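Every number here is computed from the coordinates shown, using simple stated rules; none is lab data. Bear in mind that the values here come from a model prediction, so they are computed numbers and not experimental data. Ideal geometry is used to build each Cβ from the backbone, glycine not excepted, and the neighbour counts take in all protein chains shown.
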Amino acid sequence: MIIRHAQEGDAEQLQSFDVGGPTAWLDEVSEIVLGLLVWRSDPHAASRDRQVIVAVDGARVIGVTAHERIGGRHGPVWEHHRYLMVTAVQADQQRTGPARLLIESTFADLRANGCESVEWLVHPRNRSSIQFSRNSSQRPTRRNRQRIIPT
Ligand SMILES: CC(C)(COP(=O)(O)OP(=O)(O)OC[C@H]1O[C@@H](n2cnc3c(N)ncnc32)[C@H](O)[C@@H]1OP(=O)(O)O)[C@@H](O)C(=O)NCCC(=O)NCCS
């Protein structure tokens with residue numbers, strides 16, 4: 001498996017990426033995944049340093065994650081604090097370790113570049129996401145925060 005930045009040529013695979021479901025929260029994840037390359041290239045968000053990272057097995061994109069610097073729409077951007085936008089693995093590859101590898105590699109890269117904290121949101125009904133957040137034993141930066149979205 002190779003971990004690399006997403007390329008424009010990955011667009012088709014991200015558009016048909018199967019996260020599982022259907023549930024309201026996984027439909028939302030699918031929507032985020034299919035729009036990631038457009039999200040990354042938003043010219044109004046250049047200061048956010050948006051990054052999309054994929055796990056590739058052979059020629060197939062089996063996992064994806066994305067993050068950006070935290071900041072207000074018009075306010076300051078926090079250079080060393082990041083928001084993890086999404087992590088997703090193709091349904092037929094889940095529970096075989098891709099997300100752990102993807103996150104370990106991504107967070108190691110962030111840490112090497114001075115990142116001090118990463119935070120992300122977890123839907124309260126997304127059990128696999130909650131378990132992954134709890135069990136993937138990441139302590140990659142000085143401070144990680146997981147927030148549960150209130151219903
Ligand atoms: C959450 C998600 C990214 C985890 O990816 P994954 O590749 O299946 O996770 P891994 O195989 O690397 O699992 C790492 C650890 O997380 C935990 N975990 C992951 N999925 C789990 C599940 N369904 N139930 C319980 N624990 C789970 C386990 O501790 C696992 O380690 P183990 O297999 O040695 O017990 C994946 O389920 C997914 O893509 N879900 C759909 C999209 C989504 O909801 N993303 C999160 C919100 S953005």
Can you give the log10 of the normalised intensity I(q)/I(0) at q = 0.18, 0.21 Å⁻¹, computed with Debye over equal Cα scatterers of segment 2-148?
-1.12, -1.54
I want to check the label-to-label distance for His74 and Asp109. Put each point 7 Å from Cα in the C-beta direction and report it in nm to one decimal.
3.3
Arranged from highest to lowest average of other beta-carbon atoms within 10 Å per residue, in what order do the peptides 82-91, 6-15 appear?
82-91, 6-15
Note down the magnitude of the dipole of the chain about its Cα centre, charges +1 on Lys and Arg C-beta and -1 on Asp and Glu C-beta and zero elsewhere, to the nearest 20 debye.
760
Once phi for every residue in segment 47-60 is put through the Karplus expression 6.51 cos²θ - 1.76 cosθ + 1.60 (θ = phi - 60°), the whole-Hz ³J(HN,Hα) values, with Gly and Pro written as x, are 6, 7, 6, 5, 10, 10, 10, 10, 9, 10, 10, x, 9, 9
Shape verdict for segment 73-112, please, from the Cα gyration tensor: rounded (a/c under 1.5), prolate (a/b greater than b/c) or oblate.
oblate
Sort 62-70, 48-56, 24-32 for me by packing, meaning the mean count of neighbouring Cβ atoms within 10 Å per residue, highest on top.
62-70, 48-56, 24-32
Selection from Ala46, Gln7, Ser128 lying farthest towards where the dipole of the chain points positive, charges on Cβ:
Ser128
